[in-house]
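Notes follow once the structure below has been shown.
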Amino acid sequence: METLFLDDCEEQLETAAKLIKSGEVVGIPTETVYGLGADAANEAAVRKIFAAKGRPADNPLIVHLADFSDAEKYTEYIPELARRLAEKFCPGPLTMILPKNDRIPYVTSGGLDTVGIRIPSHPVIRRIIELSGCPVAAPSANTSGCPSTTSAAHVMADMNGRIAAVVDGGQCRFGVESTVISFENDDTVRILRPGCVTREQLLTVCGNVIVDKAVLSGLDNDEKAASPGMKYKHYSPAADIILVDSDLAGFTAFVGEHCGSGVYALVFDGEENEMPCKCLTYGADSLQQAHFIFQKLRELDRLGAEKVYVRAPSKEGVGLAVYNRLIRAAGFEVIRI
Ligand code: AMP
Ligand code: MG
């Protein structure tokens, strides 16, 4: 199939919305990463998403709606705490896991009785939702297992010929996927996947915020994942990624001992001159690091990197999301110095 490359003018957004309404898959910008959007209520359309990504069928899709009040149409029940969180964080990079109703097919929810609901803030996906009139299921627009896509060119690199169209809405603002939470009780949520709505921000509304064990560590073979996506190796470029948790001096000395052709370091802005090997930087603070991480992982592949030592980010605030993506890209291989 030929993949149309659309811009974000009204006429082309109408084309994108028509494609979605007719059961096709379209690459769409959001404020987190690009998504592969299709009508969440149309089983055949949703199957096309799984096929385009090569995504395991038990890894559920997040459903994107224009307004949190629309969540009533697709869920059995909305806890009071979810309403309060929506007031503060929707539209934005927060996904809430809620009990689904029959309008969401099991293909979309990966066989679960729950559905992840998100209200995106990016004007392009919001307009496409409005024009199509569809709830839009949209996982990240990358080949399953590869780094997520944060520009239309990256979506084309992974999806050209596999989907009907890509809409170019520029570079994504946040750069990592939404924060995914489930509800434990009236006052407590559990972070299943960290994102740019931080634990600290959630605590301004919730009495208690649990960070699921799988956020920072791999699951044992017999362990059940609260969020099925967390059991898969993720976000990996072709290069071998090794996370090195150390201060700058320790990191520099370690990399010095492991230099070689094909070896790169990925460090914070301002540290590049210290490096004894080829290197890239990925930002000075956690927000910048989130913005750049997937772009830099893709760039390392383009440069032909074989092994990449990554200076581990902070786990505070948005840093937790960056650390979570990197530890998965590294297949949980962390060197602590
Ligand atoms: P992606 O589609 O690439 O943004 O990944 C979606 C993430 O949300 C995966 O980690 C899923 O496991 C998680 N997710 C989506 N829906 C649910 C759900 N109903 N229950 C638990 N986790 C979910
Ligand atoms: Mg993904």
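Quick notes on this one:
- Annotation: the antiparallel percentage among DSSP beta bridges lying fully within the stretch 30-125 is about 65.
- When both the stretch 281-337 and the stretch 120-146 are represented by their alpha-carbon centers, they are found 25 Å apart.
- Reported value for the stretch 110-241: 165 Å³ per residue, from the convex hull of its C-alpha atoms.
- Stokes-Einstein D (µm²/s) once Rh is taken as the Kirkwood radius of the stretch 196-337 over alpha-carbon pairs, at 37 °C in 0.692 mPa s: 207 µm²/s
- Neighbour counts of other Cβ atoms within 10 Å put Met275, Met156 in the fewest-to-most order Met156, Met275.
- Gyration tensor over alpha-carbon atoms, the stretch 189-263, equivalent ellipsoid semi-axes in Å: 32, 19, 11
- With Cα atoms as the point set, the radius of gyration and Dmax of the stretch 36-91 evaluate to 13.7, 37 Å.
- Segment Lys88-Ala157, extension gain: residue separation times 0.36 nm, minus the distance between their alpha carbons: 21.3 nm
- Potential extension, Glu184-Thr204 segment - 0.36 nm per residue separation minus Cα distance: 5.5 nm
- For the stretch 171-231, the ratio of Cα radius of gyration to the globular rule of thumb 2.2 N^0.38 Å stands at 1.20.
- Radius, Kirkwood style, for the chain when every pair of distinct Cα atoms is counted (Å): 20.2 Å
- Paramagnetic label reach from Lys73 (point 7 Å along Cα→Cβ; backbone nitrogen cut-off under 15 Å): within the stretch 104-139, residues 104-105, 117-120, 126-137.
- Evaluated on the stretch 274-337, the Kirkwood hydrodynamic radius is 12.4 Å, with distances taken between all distinct Cα atoms.
- Applying 0.36 nm per residue to the separation of Glu274 and Ser261 and subtracting their alpha-carbon distance, the gain on full extension is 2.9 nm.
- Summarising the overall dimensions of the stretch 45-191 from its C-alpha atoms, the Rg and Dmax are 15.1, 46 angstrom.
- For the stretch 239-267 versus the stretch 33-65, the gap between their alpha-carbon centres in whole angstrom: 37 Å
Read-outs: derived from the displayed coordinates by stated rules, not from any lab. Treat the numbers as computed from the prediction; the structure is a model and nothing was measured. Cβ atoms come from the backbone with ideal geometry, glycine included; neighbour counts cover every protein chain shown.
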